[in-house]
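Single-structure report; data block below.
The values are calculated or read from the model by the stated rules, or taken from the named source; none is laboratory data. In this text the structure is predicted, and so the values were computed from the model without any measurement. Note: ideal-geometry Cβ built from the backbone for every residue, glycine included; neighbour counts use all protein chains shown.
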Amino acid sequence: MVMGGMNFRERWHDYWSPKEAVDTSPRISDEVKYTTCYMCACRCGIKVHLKDGGIRFIEGNPNHPVNRGVICGKGASGIMQHYSPARLSKPLMRVGERGSGEFREIEWDEAIATAVDWLSKIRAEDPRKLAFFTGRDQSQSLTGFWATQFGTPNFAAHGGFCSVNMAAAGMYTLGGSFWEFGEPDWERTRLFLMFGVAEDHDSNPIKLALSGLRRRGAKFISINPVRTGYSAIADEWIGIRPGTDGLFVLSLVHQLLRADKIDLDYLGRYTNAAWLVIQAPGTADDGLFVRNEAGEPLVLDAAGGLASGKQAGVEARVVGDATLPDGRRAVPVFQLIAERYLDPRYAPENVAPMCGIPAETIRRIAGEIAATAFGEQIEIPVTWTDWAGREHKTMRGRPVSIHAMRGISAHSNGFQTCRALHLLQILLGTIDVPGGWRYKSPYPKPAPPGPKPAGKPGQVAPGTPLAGAPLGYVLSPEDLIVDDAGRPQRIDKAFSWEAPIAAHGLMHMLIRNAANGDPYPIDTLFMYMANMAWNSAMNTTETMRLLTDKDPATGEYKIPRIIYSDAYYSETVAYADLILPDTTYLERWDCISLLDRPIGGPDGPGDSIRQPVIAPDRDVRPFQDVLIEMGARLGLPAFVTPDGAPRYPGGYKDYIALHERTPGIGPLAGWRGADGDAHGKGAPNPRQLERYIANGCFWKFELPPEQLFFKHANKAYLGTATTMGLIPAPEPIVLQLYVEPLQRFRLAAQGRGAMQPPDKDRARIETYFDPLPFWYAPFEETRADPGGFPLHAITQRPMQMYHSWHSQNAWLRQILGQNRLFMNRVTARALGLGDDDWVWVSSQAGRIEAQLKLMDGVNPNTVWTWNAIGKRAGAWNLAADSPEFTKGFLLNHLIGGFRAFGHPRSIAPPPETLRYGARFGGDEQQDAAE
Amino acid sequence: MHPTFSIVFFTTASGAGFALLFLLGLAAPLGLLPESSGFGFVALATAFVLATAGLVSSVFHLGRPERAWRAFSQWRSSWLSREGVMSVMTFVPAAIFAIGWIFFGVTDGVIGLFGFLAAICAAVTIACTGMIYASLKPIHQWHNRWVVPNYFTLGLMAGFLLLDLIIRFWTVRPVGTPLLALLAVLAAWWSKEAYWRFIDTTSAPSNVASATALGSRGRVRMLEPPHTQDNYLLQEMGFHIARKHKTRLRLIARITAFVLPALLCLIALIGSGTVAAIAAALAVLSAAVGLVTERWLFFAEAKHTVMLYYGADAV
Amino acid sequence: MTDLPPTYPGQKKLGLVIDLDLCVGCHACATACKEWNTGGHMAPLPDFNAYGDGAWGVWFNRIHSFEDGEGERACTVHFPKSCLHCEDAACVTVCPTGASYKRVEDGIVLVNESLCIGCKLCSWACPYGAREFDADEGVMKKCTLCIDRIYNDNLAPQERQPACVMVCPTKARFFGDLGDPNSAVSELVAARAGTDLMPELGYRPVNKYLPPRRGRPHGEDREAAPLSAVIAEAQNEADAANPLLRWVDRLLSR
Ligand SMILES: Nc1nc2c(c(=O)[nH]1)N[C@H]1C(S)=C(S)[C@@H](COP(=O)(O)OP(=O)(O)OC[C@H]3O[C@@H](n4cnc5c(=O)[nH]c(N)nc54)[C@H](O)[C@@H]3O)O[C@H]1N2
Ligand SMILES: Nc1nc2c(c(=O)[nH]1)N[C@H]1C(S)=C(S)[C@@H](COP(=O)(O)OP(=O)(O)OC[C@H]3O[C@@H](n4cnc5c(=O)[nH]c(N)nc54)[C@H](O)[C@@H]3O)O[C@H]1N2
Ligand code: SF4
Ligand code: SF4
Ligand code: SF4
Ligand code: SF4
Ligand code: SF4
Ligand SMILES: [Mo]
């Protein structure tokens, strides 16, 4: 029976279970806009699909050099960040006590007028009374410039808490660094060693690269106390004891030196290995390079004479005693290296017990490194010319590469540990060679890079811009930002005797010093995008106390005013007096500039922008716009026209395209010049942003093949970099195995020279400012009684959460809403602890409660947890019963405030069990108890 | 598995109802029961009410109860659908049988045939209910040869206990029903014990090693779940009952479902009049408690293979 | 229709291949799946108690983490899991309404939401936990293999892939026709000994998992380094004398 094309059976079926008509080709979006992701600082390019006036879908931009189309767990959750209920919606003025979270909503006019009122007074009296500190922003080229214009030296960004010691180690050694400024030659490396990386700034690029490594069959060794994440897919896991990497690495160096498996040719050409070091203990020049009148370092030539180490073609001895005309002795750097690291104290047997790595493993890895570096040498048939004009028919590389991050930098010995890593790389000849580690543009820069920090007493004056940028690299005590009496001049005491080489400033010292009026009281603390009351604080409880501390005499807060810009209701909001609500990343212009931390790669410079893809639905304004408006209202010279009108009336958008830092150099390097055909340097192009948008919001310059390697000594590259304004002059960059500036500080500590440290700092500087890397136990360990605190407590970043940002994200907090304390199963058994038990973890700074999870893949002396999951009750607009408050914890509560490089990790005593049967009932627990 | 009350009630109530219907449809046409239409009314009404209440309760468990009718469509593959179809279908011969018996006092002949038909349908319905669970391979505690016999014997036990109680209002001293009820209780007890022994001594062929296909690399255990709080799968399938509770509840089930009803049946068998009737009534009450407990345990003790992805080593 | 479609040789079996050797557990495929599908064919994928305790939501793809091996030899394995689009999909056959079905043309298992009564039986029948109940709408939802992407004419051909495959930063996910022995995915499965999850249950999942092949902690799985012997030799020689002596005649050319 057929009815209307269907037989009865079909009709019957259709009635009971009609076939679904699946629309396999729905229209996805009304419009697609390109911009740059900001769910973390990795700067991936994204395509935002807009539909019905909202955001439908965010995906990776396949053409983008950073992420090549992929997107991470955070990036794909951007929608929920954008629609987060924790977004701020109006400027706020505090009405209750600090910390109470009582505010009154105000209009923008009032907000900006208030800020300008506070700041203009300071600027007219003493600009130092403004401390301007920023966090995970990518606007440091603007914020730093603004601070300079304001005239305060008290500016720094998140780097101080992040990896300043690692960045400094690299800059003084290589003119580049791990951090965000270099990466392995992912396509060619054959042996890759990864030290202490869980996620890193190069989030997607590392994932893409590790996948490539494995596919190619290159060997990947992860050195990390914990085997999760990237370490999970490593061929080999070295579960090192925290803080001992320096020993392990120097033991590798020991092995390689003993076996003569080092690249002497490379050392001769590109490093200071042959430079002579004066050996005259007790004299003012001891440990400095022997130099000629022109200031050029000298080497010992084949004939036993002295020759300039800068001269091309000179043949220099690698070991040998030189007697200087004045009779003093000098030896090549390499000889000092050989003598130091051949010492048996670096023998595998001797470091093994401390590192928790069998000597046999250390020996084998040294062997693998040697085998790969010297047995699997790569030659790329590309002719290139070195700095001296000599032509080379090939680019030769040793395919061993290293990457390191916070696992190194988070320990107080991180600077020297990182130097040890660079030493190893240089000895192998693997810096910027095929298969080795490569500089990412705009690096290399001179080692260390150019400008010195400004902020000395004479450089600060009321109503006047600072004489230079507040952050930079010091070469000798004369460059310190101290007064005549040697007292610190910055509120964070960066570049003082307490922390001479504080390249990025010391953000984590700010609040304590400000509250203590040490070295001087400030008036206004201005913070932007930094959760300084919480996860970027050490000893969080103390930090929150300091923020609310009052002067008993006046009843006023010790930090009188706090202005803060955040986009969300973070912990720090409650501690500020004036809140400037920012937009989300999809609602504003941003500029990822070559003047800051751009998206350049080893194959060439690049930068990018964010463009607003959707209009804010709240009364919020992009912070940069507000800052520029404040700059104009304060009359900061660079932000007003000669007749006093705002110079960038369109806000940041105008600034990005029109501002020139020095002639021809502005925030963006692409499509400069009136016609947009200049790259790097060129006149401002009013239509520059259009060009960026048309190109997917980024600019990438591909270096020609002959400039891709040996950039530190590659004539063509050095030329290009100079033309583009990346380096001041086309001079070769000599890798500094021996870091002379450190010795200058050491000499001062030994009582040499006009500027000397106060006595309390002498011994420390003398010990730690060693121009050659060495290992020492992290300070926090030597301070703590190891018997009382037998465990190391460390954190890792979860791949799907960015610092404190993402507990407000409905999707991401489902993945990680409570952090556990992970402990080695064997350690736990010895302590009588089991899965899900609640324990106390304590350090000198305090004690917190945590729930255990046992695992095998963690060093037995180590406990760890995911970073920044625990939240302060009441923050982030989460309900009061949220697990982030009730069960999560923040390890920072345990980090005792400590100065120096990076921040130390705490060491925990044997935790005692707390069995909360009712709370975690679980039947498992009862079963276990039975 | 999460013991949802509507489902626990559904399976016990409709199990008892259909079992009673089965007994009535089988025994009445054979003349083994009082012919009184009053008895027919009370007995059939009890069966209908229990069966219907169970079914209605099961509908409440649905996310979209208003679409429940759609569940009749897939009898070719789905035991749930078959159960739905059969349970409704059972009402057709059962209704004819009931009309014949109650209104016309007839239980034999054509009406008797409908009685038989209703009995068969009721039995098939019970089998279908059992099969819903027994067919689910991911749940070892359900996917085994004891589940359908359990549903049968437990149902029959409930049916006999009910029948024995009801019959006492018409028959002074029934011998068959208490005796059969006793036997049914013992049979149900035996099958339940066999079931428990089975699930206590065996576990699913699947374990965390096969679930992850990582077994060849060494002992596998969960490090981190995909979400730190429970999701639908854990809410639905992550129910875990502590050994202590399990033992206690089994004891309660044993006593209330089997020991007491058996003893009470014995009293009902030996005793007479009010004492026997009270014993029969108590047997029903006790069994009701016992069966609900047993059914609750049937869910609570069932472990789904999905838990292998959430920390269980075996299920 | 709840019956499984008839099988025939050369039948298309679309599915995923997941390489456990590459997955770092970043959750990108999980959130991208959520993001795509909350506006896609089975939209929305609601969340409950989203900003408080007991937050949960509908996800079609989740990342589990396991450890295998003991002590130092232990490895962490990140393990993404979504619907495996089984050939013998009992989630389909148990469905009383016909809402669950397996497509004849490509084997994708779907739920017709307008028929679903929310009885949850399919979620009981799925051994893998791939069924997701939407408590708002009272219906079952699940991975659609991104049916609204893979055939979507509005997407560029290279984008006609599931969202989870598109995003994966380690390229640990592959999509293709596992019914075609010559497809790239089938070849990958053959080359890497791809496996089924819980084959003993007989669901015959289409999705396959490629086992991790990373070595054990101390690299035993790789051949020993050829130069370690050389090193040992050189050391012995050098250590006899002053170790610096071997470099005295070395000249470094700048
Ligand atoms: N225990 C422990 N502590 C650590 C670390 C660790 O590994 N372990 N890591 C350290 C490191 S490396 C760093 S870099 C610091 C980071 O520490 P912070 O920089 O303080 O931390 P974030 O959580 O990134 O906080 C930044 C703030 O930016 C806000 N924000 C997000 N988006 C926007 C926006 O678009 N506009 C504005 N105006 N604000 C926005 C967020 O709401 C948040 O309040 O933490 C350090 N602290
Ligand atoms: N998803 C996500 N990505 C991020 C961030 C984030 O919050 N979330 N933050 C960004 C920021 S600001 C930064 S600075 C980077 C940091 O990126 P990472 O350097 O990856 O930072 P961590 O997560 O702290 O990882 C440190 C790793 O070092 C290990 N470790 C600890 N102590 C030692 C040690 O002594 N030796 C060795 N060898 N290893 C050790 C830890 O186990 C951990 O795996 O990540 C950036 N990217
Ligand atoms: S890595 Fe960072 S920038 Fe890239 S997609 Fe993820 S969150 Fe966005
Ligand atoms: S994985 Fe589960 S839901 Fe998917 S087809 Fe197989 S049985 Fe069905
Ligand atoms: S929940 Fe829906 S799809 Fe699943 S079995 Fe029931 S009716 Fe079918
Ligand atoms: S195929 Fe599509 S629906 Fe399925 S898990 Fe991947 S993204 Fe989710
Ligand atoms: S996106 Fe790729 S690497 Fe990340 S969890 Fe999914 S499969 Fe693993
Ligand atoms: Mo950082």
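Is there a residue in the range A:2-18 that is touching an Asp or Glu at 6+ places or on another chain (Cβ under 8 Å), part of a strand (DSSP E or B), of a type in the set (A, V, I, L, M) and surrounded by 13 or more Cβ atoms within 10 Å (Cβ to Cβ)?
Checked against the condition, which is being touching an Asp or Glu at 6+ places or on another chain (Cβ under 8 Å), part of a strand (DSSP E or B), of a type in the set (A, V, I, L, M) and surrounded by 13 or more Cβ atoms within 10 Å (Cβ to Cβ), the range A:2-18 yields at least one hit.
Any idea which residue in the range A:151-194 is nearest to the other protein chains (Cβ to nearest Cβ), counting only those that are away from ligand 8 (no atom under 16 Å from the Cβ) and among the hydrophobic types (A, V, I, L, M, F, W, C)?
A:Leu191
Under 30 Å from A:Ile592 (Cα atoms) and either of a type in the set (Ser, Thr, Tyr) or buried (at least 24 other Cβ atoms within 10 Å of the Cβ) (or both): does that describe A:Ala113?
No.
I'd like to know if the range C:141-153 contains one or more residues that are surrounded by fewer than 17 Cβ atoms within 10 Å (Cβ to Cβ) and away from ligand 7 (no atom under 15 Å from the Cβ).
Yes, some residue in the range C:141-153 is surrounded by fewer than 17 Cβ atoms within 10 Å (Cβ to Cβ) and away from ligand 7 (no atom under 15 Å from the Cβ).
A:Val826 - would you say it is over 30 Å from A:Tyr569 (Cα atoms) and not small (Gly, Ala, Ser)?
Yes: the conditions hold for A:Val826.
Looking only at the range C:165-191, filter to residues that are facing chain A (nearest Cβ under 10 Å) and outside any loop (DSSP other than H, G, I, E, B); which one of those is nearest to ligand 2 (Cβ to nearest atom)?
Per the criteria, the residue is C:Val167.
Among the residues of the range C:2-20, what is the count of those that are within 7 Å of another protein chain (Cβ to nearest Cβ) and either aromatic (Phe, Trp, Tyr) or crowded, with 19+ Cβ neighbours inside 10 Å (or both)?
Of the residues in that region, 1 qualify.
Inside the range A:721-752, can you point out the residues that are of a type in the set (S, T, N, Q) and farther than 29 Å from A:Gln707 by Cα?
Answer for the range A:721-752, where residues must be of a type in the set (S, T, N, Q) and farther than 29 Å from A:Gln707 by Cα: A:Gln743, A:Gln750.
Is it the case that A:Arg419 is of a type in the set (D, E, K, R), buried (at least 23 other Cβ atoms within 10 Å of the Cβ) and touching a residue at least 12 places away in the same chain (Cβ under 8 Å)?
yes
Any chance you could count how many residues in the range B:297-315 are in contact with a Leu (Cβ under 7 Å, 6 or more places away or on another chain) and either of a type in the set (Phe, Trp, Tyr) or closer than 22 Å to C:Asn61 by Cβ (or both)?
Residues that pass the stated criteria total 2.
Which residue, of A:Gly69, A:Gly75, A:Gly99, is closer than 30 Å to A:Gly606 by Cβ, surrounded by fewer than 22 Cβ atoms within 10 Å (Cβ to Cβ) and either free of Cβ contacts under 8 Å to residues at least 40 places away in the same chain or of a type in the set (Gly, Ala, Ser) (or both)?
After ruling out the rest, the residue left standing is A:Gly69.
It is to be established whether one or more residues within the range A:554-572 are under 26 Å from A:Ser89 (Cβ atoms), away from every other protein chain (no Cβ under 14 Å) and within 16 Å of ligand 3 (Cβ to nearest atom).
yes
Restrict the check to the range C:127-147 and report whether at least one residue is more than 10 Å from chain B (Cβ to nearest Cβ), aliphatic (A, V, I, L, M) and within 20 Å of the chain's Cα centre (by Cα).
yes
Out of curiosity, is C:Asp47 farther than 26 Å from B:Ser6 by Cα and away from ligand 5 (no atom under 13 Å from the Cβ)?
no
State all residues of the range B:1-36 that are assigned to a helix (DSSP H, G or I), within 23 Å of B:Leu136 (Cβ to Cβ) and of a type outside the set (A, V, I, L, M); if no residue qualifies, say none.
B:Phe5, B:Ser6, B:Phe9, B:Phe10, B:Thr11, B:Thr12, B:Ser14, B:Gly15, B:Phe18, listed by residue number.
Which of the residues belonging to the range A:151-207 are more than 16 Å from ligand 1 (Cβ to nearest atom), out of contact with any Gly (no Cβ under 7 Å at 6 or more places or on another chain) and polar (S, T, N, Q)?
Passing the criteria: A:Thr152, A:Asn154, A:Thr173, A:Asn204.
Quick check, is A:Trp876 of a type in the set (Phe, Trp, Tyr) and in a strand (DSSP E or B)?
Criteria not met by A:Trp876.
Go through the range C:39-89 residue by residue and tally those that are in a strand (DSSP E or B), at the interface with chain A (Cβ under 7 Å from one of its Cβ atoms) and either over 13 Å from the mean Cα position of the chain (by Cα) or within 30 Å of A:Gly53 (Cα to Cα) (or both).
Within the range C:39-89, residues that are in a strand (DSSP E or B), at the interface with chain A (Cβ under 7 Å from one of its Cβ atoms) and either over 13 Å from the mean Cα position of the chain (by Cα) or within 30 Å of A:Gly53 (Cα to Cα) (or both) number 6.
Condition check: within 16 Å of ligand 2 (Cβ to nearest atom) and at the interface with chain A (Cβ under 7 Å from one of its Cβ atoms). Does C:Ala32 satisfy that?
Taking the combined requirement at face value, the residue satisfies it.
I need the strands (runs of 3 or more DSSP E) fully contained in the range C:96-146, keeping only those with at least 2 residues that are more than 13 Å from ligand 4 (Cβ to nearest atom) and small (Gly, Ala, Ser).
Ranges flagged: none.
A:Lys219 - would you say it is within 14 Å of chain C (Cβ to nearest Cβ), more than 27 Å from the chain's Cα centre (by Cα) and closer than 30 Å to A:Arg345 by Cα?
No: the conditions fail for A:Lys219.
Among the residues of the range A:264-286, how many are in contact with a strand residue (DSSP E or B) (Cβ under 6 Å, 6 or more places away or on another chain) and among the small types (Gly, Ala, Ser)?
Within the range A:264-286, residues that are in contact with a strand residue (DSSP E or B) (Cβ under 6 Å, 6 or more places away or on another chain) and among the small types (Gly, Ala, Ser) number 2.
Criterion first (away from chain A (no Cβ under 14 Å) and farther than 19 Å from C:Val109 by Cα) does C:Glu159 satisfy it?
For C:Glu159, the condition - away from chain A (no Cβ under 14 Å) and farther than 19 Å from C:Val109 by Cα - is not met.
Conditions: (1) closer than 30 Å to A:Ile895 by Cα; (2) more than 16 Å from ligand 8 (Cβ to nearest atom); (3) buried (at least 20 other Cβ atoms within 10 Å of the Cβ). A:Gly356 meets all but one. Number of the miss?
So A:Gly356 meets the others, but not (3).
May I ask you to list pairs of residues, at least six apart or on different chains, whose Cβ atoms are under 6 Å apart, with the first in the range A:41-57 being modelled with pLDDT of 95 or more and the second being more than 15 Å from ligand 3 (Cβ to nearest atom) and among the β-branched types (Val, Ile, Thr)?
Here the result reads A:Lys47/A:Val32; A:His49/A:Ile28; A:His49/A:Val32, each pair linking the range A:41-57 to a residue that is more than 15 Å from ligand 3 (Cβ to nearest atom) and among the β-branched types (Val, Ile, Thr).
Which of the residues that make up the range B:1-53 are within 14 Å of chain C (Cβ to nearest Cβ) and either aromatic (Phe, Trp, Tyr) or surrounded by fewer than 24 Cβ atoms within 10 Å (Cβ to Cβ) (or both)?
Selection gives B:Met1, B:His2, B:Pro3, B:Thr4, B:Ser6, B:Ile7, B:Phe10.
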